[in-house]
Amino acid sequence: MSGILRKWRPDDAEALAEILSDRRILDNLGDGIPFPYAKEDGEEFIAAMLSADENEVFAFAISEAGKAAGSIAAYRRSNIHRRTAELGYYLSSRHWGKGIMTRAVKEICEYIFSRTDILRIYAQPFADNAASCRVLEKAGFRCEGILRAAAVKNGKIRDMKMYSRLKED
């Protein structure tokens, strides 16, 4: 892998703990991530990503100056959706607004489309997360619509947007 994405390394756990202990990041992710996020949580996550089936899970650290600055992963769906992958990502707040995430999204899409049979990658950011929606748009994703009242996060009902990018795009 070239560019800003690289395989996870066990020594990334501390940086991961620092990133995911930021409430501003957690407030835009799904539930199930502990808070505060400990180095041991990072070690478990990294071990799981490194041992995952590489044709089902495409997980990378976003590297900036050699240090993990975020995470990006796509997960192959199953059954009739087996040629579709769901994308998720986050980036350390100190790296926001620099175009890093847009580059990471483009890079993972190119990686997946060139090495697998996946035809469609989609993401579902919260509709009010304008920065995440803009990242997807700048990376060639199309908004397919708003998923009304699709999630409950921190006790609040939230809309989500459905974005996708096709291999042929």
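Things to note:
- For the range 78-169, applying the loop criterion from DSSP together with a ceiling of 10 other beta carbons within 10 Å to the GluC sites (Glu not before Pro) yields 168.
- Each Lys and Arg Cβ is given +1 and each Asp and Glu Cβ -1; about its Cα centre, the range 105-146 then shows a dipole of about 80 debye.
- Each part gets one Cα centre, and for the range 13-87 versus the range 115-169 those centres are 17 Å apart.
- The charge dipole of the chain, taken about the Cα centre with unit charges on the Cβ atoms of Lys, Arg (+1) and Asp, Glu (-1), comes to about 680 debye, rounded to the nearest 20.
- Value of [θ]222 nm, deg cm²/dmol, for the chain, DSSP H segments ≥ 4, -39500 (n - 2.57) each, nearest 500: -8500 deg cm²/dmol
- Among 136, 147, 26, residue whose mean-square fluctuation peaks in a GNM of the chain (springs only between Cα atoms under 10 Å): 147
- When the Cα atoms of the range 120-169 are aligned to their principal axes, the ranges along those axes come out at 38, 18, 13 Å in descending order.
- Among 119, 34, 74 the positive-end extreme of the charge dipole of the chain (Cβ point charges): 119
- Cα convex hull of the range 39-124 - mean projected area over all directions, nm²: 6.4
- Applying 1/(1 + (r/R0)^6) with R0 = 30 Å to the Cβ-Cβ distance of residue 79 and residue 146 gives a FRET efficiency near 0.75.
- Kirkwood radius, the range 1-147, all distinct C-alpha pairs, inverse of mean reciprocal distance: 15.7 Å.
- Residues with amide H under 5 Å from that of residue 62, placed H, sequence gap 5 or more: 69, 70, 71, 72
- Of 145, 42, 70, the one that fluctuates the most in a GNM where the chain has Cα springs shorter than 10 Å: 145
- Local net charge near residue 58, Cβ-Cβ under 12 Å (Lys/Arg +1, Asp/Glu -1): -3
- Compared with the alpha-carbon gap, the fully stretched path from residue 39 to residue 11 is longer by 9.1 nm at 0.36 nm per residue.
- Here the range 1-128 has 49 percent of its accessible surface on carbon and sulfur atoms, given a 1.4 Å probe and all protein chains in place.
- Accessible surface calculations at 1.4 Å, restricted to protein heavy atoms, place the range 47-139 at 48 Å² per residue.
The values are calculated or read from the model by the stated rules, or taken from the named source; none is laboratory data. Computed from a prediction, not measured in an experiment: that's the story for all the values here. Heads up, the Cβs are rebuilt from the backbone with ideal geometry, glycines too, and the neighbour counts pull from every protein chain shown. Only protein heavy atoms, including side chains, enter the accessible area calculation; ligands, DNA and RNA are left aside. Shrake-Rupley method; radii C 1.70, N 1.55, O 1.52, S 1.80 Å.
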